[in-house]
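First up is the structure itself, then whatever we jot down about it.
The values are calculated or read from the model by the stated rules, or taken from the named source; none is laboratory data. Every value quoted in this text rests on a predicted model; they were computed, and no experiment measured them. Here the Cβ is made from the backbone with ideal geometry for all residues, glycine too, and neighbour counts use every protein chain on show.
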Amino acid sequence: MTDLAAKLDRVVEHLRTAKRITALTGAGVSAASGIPTFRGTDGLWKKMKPDMLASPEAFAHDPKLVWEWYDWRRRHVRDAAPNGAHDVLARWSRERPGFTLITQNVDGLHERAGAARLLRLHGSIWHVRCAQPCPAGAVEWRDETVPFPTLPPRCPHCGGFVRPAVVWFGEPLDPDVMTAAAAAAACEVFFAIGTSAIVYPAAGLVQAAKRLGAFTVEINTEATPASALVDVSLRASAGEALERLALRISGSHR
């Protein structure tokens, strides 16, 4: 038996009896769908790093440039499809009442796979809101226009610019979403899947789960700051690891 297979079997032992399971996902989950990872070399756009674009300051300085990047990203996501990792997590979220799915991703692929009880820490690339002090446009709305005919797109209420309804660098997370995510860390099994484990407060969830007694599992193709903390670190792609776990749980493969 390979080291990976032994680790998978160890995880399955806990999954078979656990009532409360939480999974935190990052960009690595969508990599197999062709979505560039946020921090990898394939995540660069016009030789600019995302944190140079995803901020209130960047938007205030050059809203057109920021929207060119988001329009490019929306085109990529529109043409992508959920992969095996999304499918397994969505199935668990529907079939296991105590399962909570938390994502740092804004691409909407978990939703398209049919995920239930999903907490979006960083918002959605498919939602927008007015960037001005516009009361009618303060509540975000879904807009799937791809591409926008003009950039930046305009608010239908006041005519000002709209912005993606995502959490940018330097902005706080929705306190209600973060409270729910923190509560979900009180579980029996906690997965950190395809996340760099360096962006807080999301990265602190695995630490909280470990502190609260959860059996912690990392799934990532590369080592992260969480690798030495978790009980089991699976060095594999999200799709491979989750699909093999699902097969073992069903008893159709050893």
Here's a check for you: in region 124-152, which residue that is loosely packed, with under 14 Cβ neighbours inside 10 Å and among the small types (Gly, Ala, Ser) is nearest to the chain's Cα centre (by Cα)? Ala138
Taking the options Val217, Val199, Val230, name whichever one is of a type outside the set (Gly, Ala, Ser) and not in a loop (DSSP other than H, G, I, E, B). Val217
Residues satisfying the stated conditions in region 62-93, i.e. basic (Lys, Arg) and touching a Leu at 6+ places or on another chain (Cβ under 9 Å): Lys64
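Please go through region 188-198 and pick out each residue that is under 21 Å from Pro225 (Cα atoms) and surrounded by 17 or more Cβ atoms within 10 Å (Cβ to Cβ).
First, the residues of region 188-198 that are under 21 Å from Pro225 (Cα atoms): 189-198.
Once the filter is applied, which keeps residues that are under 21 Å from Pro225 (Cα atoms) and surrounded by 17 or more Cβ atoms within 10 Å (Cβ to Cβ), region 188-198 yields Val189, Phe190, Phe191, Ala192, Ile193, Gly194, Thr195, Ser196, Ala197.
Sort through Arg39, Arg75 and tell me the only one that's within 30 Å of Ala209 (Cβ to Cβ) and either modelled with pLDDT under 95 or touching a His at 6+ places or on another chain (Cβ under 7 Å) (or both).
On the way: Arg75 fails: within 30 Å of Ala209 (Cβ to Cβ).
Of the residues listed, the single one that is within 30 Å of Ala209 (Cβ to Cβ) and either modelled with pLDDT under 95 or touching a His at 6+ places or on another chain (Cβ under 7 Å) (or both) is Arg39.
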I'd like to check something: does region 159-176 contain any residue that is modelled with pLDDT of 95 or more, farther than 21 Å from Asp107 by Cα and surrounded by 13 or more Cβ atoms within 10 Å (Cβ to Cβ)? yes
In region 220-254, anything farther than 22 Å from Ala31 by Cα, under 20 Å from the mean Cα position of the chain (by Cα) and surrounded by fewer than 19 Cβ atoms within 10 Å (Cβ to Cβ) is listed as none
I want to confirm something. Restricting to region 150-189 and keeping residues that are outside any loop (DSSP other than H, G, I, E, B) and in contact with a Pro (Cβ under 8 Å, 6 or more places away or on another chain), which single residue is farthest from Thr17 (Cα to Cα)? Phe161
Can you give me the ranges of the strands (runs of 3 or more DSSP E) entirely in region 63-138 with at least 2 residues that are in contact (Cβ under 8 Å) with a residue 40 or more places away in the chain and touching a helix residue (DSSP H, G or I) at 6+ places or on another chain (Cβ under 6 Å)? 99-103
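Give the residue, chosen from Ala192, Ala186, that is at pLDDT 95 or above, closer than 30 Å to Leu234 by Cα and more than 18 Å from the chain's Cα centre (by Cα).
On the way: Ala192 fails: more than 18 Å from the chain's Cα centre (by Cα).
Ala186 is the lone residue from the list that is at pLDDT 95 or above, closer than 30 Å to Leu234 by Cα and more than 18 Å from the chain's Cα centre (by Cα).
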Look through region 173-194, keep the residues that are β-branched (Val, Ile, Thr) and out of contact with any helix residue (DSSP H, G or I) (no Cβ under 7 Å at 6 or more places or on another chain), and return whichever of them is farthest from His122 (Cα to Cα). Thr179
Which of the residues spanning region 50-61 are touching a Leu at 6+ places or on another chain (Cβ under 9 Å) and part of a loop (DSSP other than H, G, I, E, B)? Leu53
